[in-house]
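Student: If you scroll down you'll find the structure; I have some questions about it.
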Amino acid sequence: MKASFWILTVVVALSHSPLLLGQTVSGPRDPIADTSASDPHSSTPIAGTLLDPSGAAIAKAQVNLLGADGKPVAQATTDNSGGFRFNAVAPGSYRLDFHAEGFRDTGIEITLPAKRQTPLRVTLQVAVPTENVTVATGVSVPLVSTETSENQNTNTIDRNALDRIPVFDQDYITTMSRFLDDNATGTNGVTLVVNGIEANGPGVTPSAVQEVRINQNPYSARFARPGRARLEIITKGGTPDFHGSLNFLFRDSIFDARNAFATVKPPERRQYYEGSITGPVGHSKRTSFLLSLDEDLNDQQAIVVADTVTNGVVTPLNENVPNPTHHFFGSGRIFHDFASGDQFWIGYSYEHRSVQNQGVGGTTLPSAGTDTRFLEHEVNVSYLHQFSPHWLNQLRFLVGHFDSPVTSISPDPQIVVSGAFTGGGAQADSRRTEYHFDGTEFATYASGKHNLSFGIDVPDISRRGLDDFTNRAGTYTYGSLQDYMSSIVSTFLLQKGQGHVVFLERTLAGFFEDNIRLRPNFSLYLGARYYSQNYFHDDSDNLAPRIGFAWAPTANSKNVVRGGFGVFYDRTGPSPIGDLLHFNGVNLLRFIVDNPATIPPNLSGVPTSVVTLDPRARIPYSLQYSVGIEHQLTRKSTLSATYAGSRGIDQFRSIDANAPLFPSVSRPNPSLGQDREMQSEGYLKGNSLEMTFRGKVNKYFSGQVQYTFGKTYNNTSGITYFPANSYNPGADWARSDNDRRHKFDLLASSEPTRFFTLGVALSLYSDKPVNVITGVDNNNDGIINDRPAGYVRNSMHGPGMIGLDVNVSHDFKLSKAKKESKVFSVSLNSFNVLNHTNDVTYVGVITSQFFGRAVAAQPPRRTQLDLQFKF
């Protein structure tokens, strides 16, 4: 796929747009309200679009046109696409005031000459919705629209609904992540977008989050990944009056059921303190602050289910192991609104987290756990500048530093008995440090039927330090308990040498997009994104075109047909780069010994193993395409059906380029051990049909329901994945590790009476596959992933899931005022109400006594008390 082909595609498409052809165009949308202000023969229309910080349209907002004396001239309401219009306005000076629920009121000054005006593009910042403090339930009202970004198969939940649905431990990111597509996330994981800009974290605590979205505008060129791989967050801003939220969460295992794999219910407790407050700085109405803090004391326990050996006898082991997590996060921001309409804010955040006995559980014994810490400082800056009513520019960047050491609990060598237990020490000592810069600079311009955006995106420029002290005492792998008792080692791994490397990782991107309103009932989106990453040698062809459309049979139709196509490039993240620098045959030496004759093995004459990059490697990319129909069921609800297809091209994987060629046990290059060669030769194919309901039916149901019927196949699970046979990677073509044929999710809230509000979360998933392996290194390549004869990859059916969570809450109003009311809320949450055993770890080692069975499960029924004070 060459850059010239994509450039030609975009140029041909753009060459047919009225902007390039110089055609005369009309206003961008049909008005909701057309108001005459003077004689049309000497007047000018005013039209524009109202957007939130992420670029999505704000419908049903109030727009007031005021004269130079401040007296009202006309009023309008934005349509479903955020559009507004005033016809026949006499030349002169005016002010436009904008008011939308949940956003900060904004006003701009305009001067009208006696000629045609280009449409305005106005962005409102999120504020604490003071009039909604006591609103009990509901998500944003969904409306079908021919705006290309307003797809109705998105998943959106606002602040009010977040307070009413069951959210375990205030972790709204995990709650909403059920709507993500694991097969679309890429090597670097889920993309987090905060206020329209890619970020490392939300930067605030849960109560300062206003809205969470998934799959909003899936083909946007502003972002590297498709919609189902992005989680978008809108945070609260400052306000001219004091508002806030204080929260306390408590959970104790005395009220919980026993885990299916625990013989004795483990004593667990969690206390979580969180809050945010916003208000003016001094007496200024233009300068405000937002402060948010949380502290989490989580005394949880891991459950070990393993087979061990005591005095030569196989002994089942089942025990509970403390696994406490302590976390603190603090964030402060200062906002300032300039008289010109510019907006600026700066913020600082600090985070500290520590976890004991990390990794323990299932077949991993307590001695093989680690203690981990994480410490981060970040400074965020944002500046929105309005050059004119038609030109907006936004600059956002952050600088930060983090330090994350991992310490093994025991220094002993690690003992891995396939499918039975992992003991000894963890051999996982490491440390990651980072100084990073992320930033985005982009401009938007409205002209006639066109809304243009273009800019530069810097997802990451980081100075990274990676210290790898793993396997200093070595790891012994045994194929079975019988081999362990007979001292028959399958492989031995040892590392020594220089484990410290420092490098600069750089990822850069540029983008251009144009939303074109060709007709009142038809919109077209054209965009392109260019991507570049160092340490991979193919910056020339990484141009990713995007296209989307939305069409309605008539201007006021209740049905919209929507579709799109996009190319999305992956990025590696730091770990693969660190491997290339560590294991270059000089810095960090890795020795792999197959079937050693002695313990410890004699390393004399054992060649070192290396990590290399295939000279033909390139950045993988995926193609995504979709078409669907959306229907406005009622005034407050929509139903959509969407077919989506995806193809992963040149996907990452690793092979042993120096593997013995069966039936030989000798490597082709005897002076070299394992040669882990990173390649981009994998392939993915996915298809799905997605049904989505969003909205409010009545007081008994407000929320969203989504069912997905899909199938995804691939021949790689990522850059660290090795095929069973490095000389025949195509034989690994099978169900993806994350393939689920059926997936049903519901998030909803209800007000059956005035005495309480009910929130429900329901998930019903079919099984994931499990790979069956022998547990030994049959082909002597140093990798324990060989499959028994007759088995293909991921051939065993693994765990499905049934999860039902419930939240019952009541608001105690502490004041009679409606707009400034104080509310104390009490919520009782129950997670996994049915106490269904949801297995998560199936053993696929064919020689294990646990073969075909689970050794771990998701938590049982748990009860959580939430107390919240809002003012």
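The values are calculated or read from the model by the stated rules, or taken from the named source; none is laboratory data. A quick note: this is a predicted structure, and the numbers were derived from the prediction, not measured. Quick reminder, even Gly has a Cβ in these numbers, built from the backbone with ideal geometry, and neighbours come from all protein chains shown. SASA here: full protein model, heavy atoms, side chains in, ligands and nucleic acids out. Shrake-Rupley method; radii C 1.70, N 1.55, O 1.52, S 1.80 Å.
Student: Suppose every K and R has +1 on its Cβ and every D and E has -1 on its Cβ; what is the size of the dipole of segment 307-375 about the Cα centre, in Debye to the nearest 20? List each step's numbers first, then the result.
Tutor: Working: 3 positive and 6 negative charges, 21 e Å.
Dipole size: approximately 100 debye.
Student: Something else now. Compute the distance in nm between two label points, each set 7 Å from the Cα along the Cα-to-Cβ direction, one at residue 598 and one at residue 388.
Tutor: 8.3
Student: Once neighbouring chains are kept in place and the probe is 1.4 Å, which whole percent of the accessible area of segment 388-547 is contributed by carbon and sulfur?
Tutor: Carbon plus sulfur share of accessible area: 60 percent.
Student: Now for a different question. Rounding to the nearest 20 debye, state how big the charge dipole of the chain is about its Cα centre with +1 on each Lys and Arg Cβ and -1 on each Asp and Glu Cβ.
Tutor: Details: 76 positive and 81 negative charges, 450 e Å.
Dipole size: approximately 2160 debye.
Student: So which trypsin sites (Lys or Arg not before Pro) in segment 777-820 are both in a DSSP loop and have at most 14 other Cβ atoms within 10 Å of their Cβ?
Tutor: Qualifying residues, ordered by number: 816, 818, 819.
Student: Kirkwood Rh over alpha-carbon pairs of the chain, then Stokes-Einstein at 37 °C and 0.692 mPa s: what D in µm² s⁻¹, rounded to an integer? Before the final figure, lay out each step's value.
Tutor: Values: Rh = 29.4 Å.
Estimated via Stokes-Einstein, D reaches 112 µm²/s.
Student: Using +1 on the beta carbon of Lys and Arg, -1 on that of Asp and Glu, and nothing else charged, what's the dipole of segment 670-742 about the Cα centre, debye to 20? Please list the in-between numbers first.
Tutor: Numbers: 9 positive and 7 negative charges, 154 e Å.
Charge dipole of segment 670-742: 740 debye, to the nearest 20.
Student: In sequence order, what are the phi-derived ³J(HN,Hα) couplings for segment 637-651 according to the Karplus relation 6.51 cos²θ - 1.76 cosθ + 1.60 with θ = phi - 60°, rounded to whole Hz, with x for glycine and proline?
Tutor: 8, 9, 10, 9, 10, 9, 9, 10, x, 9, 9, x, 10, 6, 6
Student: With a cap of 13 neighbouring Cβ atoms within 10 Å, and only residues DSSP puts in a loop, list the chymotrypsin sites (Phe, Trp or Tyr not before Pro) found in segment 365-461.
Tutor: Numbers: sites: 374, 383, 387, 391, 397, 402, 421, 435, 437, 442, 445, 454; in loops: 387.
Passing both the DSSP loop test and the Cβ count: 387.
Student: Also: Just from its helices, what would the mean residue ellipticity at 222 nm be for the chain, if runs of 4 or more DSSP H residues each count -39500 (n - 2.57) and the sum is divided by every residue, rounded to the nearest 500 deg cm²/dmol? Before the final figure, lay out each step's value.
Tutor: Numbers: 6 runs with 40 residues, N = 871.
Only helices count here, giving -1000 deg cm²/dmol.
Student: Another one. Rank these residues by their accessible area, most exposed first, probe 1.4 Å: 586, 561, 89.
Tutor: Working: 586 110, 561 45, 89 0 Å².
Sorted descending by solvent-accessible area, the residues read 586, 561, 89.
Student: So how do 761-768, 192-199, 203-210 stack up, highest first, on mean other-Cβ count within 10 Å? Mind dumping the intermediate values first?
Tutor: Details: 761-768: 18.0, 192-199: 21.9, 203-210: 24.8.
With the highest mean Cβ count within 10 Å placed first, the list reads 203-210, 192-199, 761-768.
Student: Given a 1.4 angstrom probe, what's the average accessible area per residue across the chain, in square angstrom? Please report the intermediate quantities before stating the final value.
Tutor: Details: 34690 Å² over 871 residues.
Here the per-residue accessible area is 40 Å².
Student: To continue, here is another question. Which of 46, 208, 324 sits closest to the plus end of the dipole of the chain, meaning its Cα is farthest towards the positive end, when Lys and Arg get +1 and Asp and Glu get -1 on the C-beta?
Tutor: Farthest towards the positive end: 46.
Student: Under 1.5 on a/c is rounded, so check that first for segment 541-610, then, if it is not, pick prolate when a/b is larger than b/c and oblate when it is not; a ≥ b ≥ c are the square roots of the alpha carbon gyration tensor eigenvalues. Working shown, then result.
Tutor: Working: a/c = 7.18, a/b = 3.83, b/c = 1.88.
Note, shape of segment 541-610 comes out prolate.
Student: What is the Cα centroid distance between segment 167-211 and segment 729-808, reported in whole angstrom?
Tutor: Comparing the Cα centres of segment 167-211 and segment 729-808, I get a distance of 20 Å.
Student: Which order do you get for 171, 541 if you rank them by accessible area with a 1.4 Å probe, largest at the top? Walk me through the numbers before you get to the answer.
Tutor: Values: 171 60, 541 25 Å².
I get 171, 541, largest accessible area first.
Student: Below 8 Å, C-alpha to C-alpha, sequence gap of six or more: please give me the relative contact order for the chain in percent. If you can, show how the numbers build up before the last one.
Tutor: Details: 2611 pairs, mean separation 91.8, N = 871.
It rounds to 11 percent for the chain.
Student: OK, next. Answer rounded, prolate or oblate for segment 207-264, using the Cα gyration tensor with square roots of eigenvalues a ≥ b ≥ c: rounded when a/c is under 1.5, else prolate when a/b is larger than b/c, else oblate. Working shown, then result.
Tutor: On the way: a/c = 5.91, a/b = 1.39, b/c = 4.27.
It is oblate, given that a/c is not under 1.5 and a/b is not larger than b/c.
Student: Over segment 318-361, with every protein chain in place, what whole percent of the accessible area is carbon and sulfur at 1.4 Å, could you tell me?
Tutor: Ligands and nucleic acids excluded, carbon and sulfur reach 59 percent.
Student: Taking the Cα atoms only, what angle lies between the long axis of helix 3-15 and the longest principal axis of the chain, rounded to 10 degrees?
Tutor: Helix 3-15 and the main axis of the chain meet at about 20 degrees.
Student: May I pose another question? In segment 711-850, what percent of the accessible surface is made up of carbon and sulfur (1.4 Å probe, ligands and nucleic acids excluded)?
Tutor: Working: 3730 of 6290 Å².
Exposed carbon and sulfur together represent 59 percent of the surface.
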